[in-house]
Amino acid sequence: MKLILFGPPGSGKGTQASLLAKKNNIPHLSTGDILRFKLQKDDNFAKELSQIISGGNLVPDSIINPIVADKLLSNDCKNGFILDGYPRNKFQSNFLIDFLEKNNLEIDLIIDFIADTTTVKKRIIERSKIENRSDDNIEVIKTRLDKYFTETQPLASIFKEKFKDKFFEINATQEIAKIQSDIENRLKNA
Ligand code: AMP
């Protein structure tokens, strides 16, 4: 099963991706998690990444595109994947569409998590009490949401047009269990 998840930060993509990954035994490819893992190293690259991420800005495409390409071609992804947090802009989206076509990778479903700004801000603030993320604070959230609405959200219509009935919009303001069951029901017909 090959899935792509769209949606603003705090819309619950990560939570649902983990649930789906466990249930279907396929990897959850969160570009945010992959990048945060790289921050643990004590080198200049980690310092550069840390500055970008803690400011809520996007890491350059020249860094993220090859990371995603390598992962998607790895043995881990031979039975499928859940892509969460990528693509985030037009360049990444063109790169991904081209990459999928060249490698004969057919996406089963794209899930777009629809949630209003008030809900996602509230959730990110709640998450900041549990996880210690440098970018989960009110000023940086503003930048991240701005980036999402200007650069990422417009991609949804491109994917909707291209993938047609494989594009599924979910009301992400619902309870976790309800979102999960809506997705599972949709996947039965994927
Ligand atoms: P996330 O956990 O998906 O909210 O990502 C956290 C941060 O990692 C983002 O605010 C960006 O700085 C960086 N990041 C994650 N995915 C991407 C991507 N596809 N392109 C560029 N930067 C990314």
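Which of the following residues is within 9 Å of the ligand (Cβ to nearest atom), over 22 Å from residue 24 (Cα atoms) and acidic (Asp, Glu): 84, 135?
Details: 84 fails: over 22 Å from residue 24 (Cα atoms).
Matching residue, one of 84, 135: 135.
Filtering the stretch 126-141 to residues that are open to solvent by 40 Å² or more (accessible area, probe 1.4 Å) and under 16 Å from residue 49 (Cα atoms) leaves 133, 134.
When the residues of the stretch 127-154 are filtered to those that are outside any loop (DSSP other than H, G, I, E, B), without any contact (Cβ under 8 Å) to a residue 24 or more places away in the chain and closer than 20 Å to residue 34 by Cα, the one that is farthest from the chain's Cα centre (by Cα) is 130.
State which residue is surrounded by the fewest Cβ atoms within 10 Å (Cβ to Cβ) when the search covers only the stretch 17-33 and only residues that are within 11 Å of the chain's Cα centre (by Cα) and either touching a residue at least 60 places away in the same chain (Cβ under 8 Å) or part of a helix (DSSP H, G or I) (or both). Before you say what the answer is, go through the steps one by one.
Kept after step one, since they are within 11 Å of the chain's Cα centre (by Cα), are these residues of the stretch 17-33: 17, 28-33.
If we keep only those that are either touching a residue at least 60 places away in the same chain (Cβ under 8 Å) or part of a helix (DSSP H, G or I) (or both) as well, we get 17, 31-33.
On the way: 17: 24, 31: 19, 32: 18, 33: 14.
Here the answer is 33.
Every residue, every condition in (1) basic (Lys, Arg); (2) modelled with pLDDT under 95; (3) touching a helix residue (DSSP H, G or I) at 6+ places or on another chain (Cβ under 7 Å), yes or no:
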site: 132; (1), (2), (3): no, yes, no
site: 138; (1), (2), (3): no, yes, no
site: 144; (1), (2), (3): yes, no, no
site: 155; (1), (2), (3): no, no, yes
site: 169; (1), (2), (3): no, no, no
site: 178; (1), (2), (3): yes, no, no
site: 181; (1), (2), (3): no, no, no
site: 187; (1), (2), (3): no, no, no
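The values are calculated or read from the model by the stated rules, or taken from the named source; none is laboratory data. Everything numeric in this text was worked out from a predicted model, so none of it was measured. Note that each Cβ is placed from the backbone with ideal geometry, even for glycine, and that neighbours are counted across all protein chains shown. Please note that ligands, DNA and RNA were not included when accessible areas were found on the heavy atoms of the full protein model with its side chains. Shrake-Rupley method; radii C 1.70, N 1.55, O 1.52, S 1.80 Å.
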